[in-house]
Amino acid sequence: MNPVSFLEKLRDQYVATENDDLLFTNKECTLDNTVYRLNCWKDFHGKDSIVVFELKEKGLLISTSACLGIRYTETQDALLLSERQLWDIGIP
C-alpha cells in the first residue's frame with residue numbers, strides 16, 4: 001500500500017468515528033518494506049479545526065513525507081484536504 005492510500009484510509013476512519021485514539025505521535029509504520037513515522041494531530045486555522053495525518057520516511061539522509069487533512073468548519077462540515085491544500089495554509 002502506498003503512503004497516500006494508507007493516509008486516506010486512516011482519514012476516512014477518523015471522519016467516520018472522530019476517535020482521537022487514531023491520532024498518533026511518532027508511531028513507526030512499515031509500508032512496502034519502507035519504514036515511516038506516523039504523526040496525526042489537531043490544529044486550528046482561523047475558527048476552523050484541522051486534523052492532519054502525516055507519514056514521514058524514516059531515514060538519516062531522506063526526508064520525504066505525505067500528508068492529508070480534514071478541515072472542520074464553524075458549522076462542523078468536514079472538508080477533506082489534500083497535501084497541496086495543507087501547504088497553502090502553512091501546514092505542515
Rounded to the nearest 10 degrees, the helix 3-17 long axis (Cα) sits at an angle to the longest Cα principal axis of the chain of 40
Which lysines have a Cα lying under 17 Å from the Cα of LYS9, excluding residues fewer than 8 positions away in the same chain?
LYS27, LYS56
Rank ASP32, ASP43 by accessible area, highest first, at a 1.4 Å probe radius?
ASP32, ASP43
Range in the chain, longest, excluding exposed trypsin sites (Lys or Arg not before Pro) [loop by DSSP; at most 15 other beta-carbon atoms within 10 Å]
1-46
Averaged per residue, what accessible surface does the chain expose to a 1.4 Å probe, in Å²?
63
Would you compute, from DSSP H runs of 4+ residues alone, the mean residue ellipticity of the chain at 222 nm, taking -39500 (n - 2.57) per run and dividing by the full residue count, rounded to the nearest 500?
-7000 deg cm²/dmol
Gyration tensor (Cα only) of the stretch 11-66 to equivalent ellipsoid, semi-axes in Å sorted down, yields 24, 14, 8
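The values are calculated or read from the model by the stated rules, or taken from the named source; none is laboratory data. Worth saying up front: this structure is predicted, and the values here are computed from it rather than measured. FYI the Cβ positions are ideal-geometry reconstructions off the backbone, even for glycines, and counts take in every protein chain you see. For the accessible areas, the whole protein counts, side chains as well, though only heavy atoms, and no ligand, DNA or RNA atoms are used. Shrake-Rupley method; radii C 1.70, N 1.55, O 1.52, S 1.80 Å.
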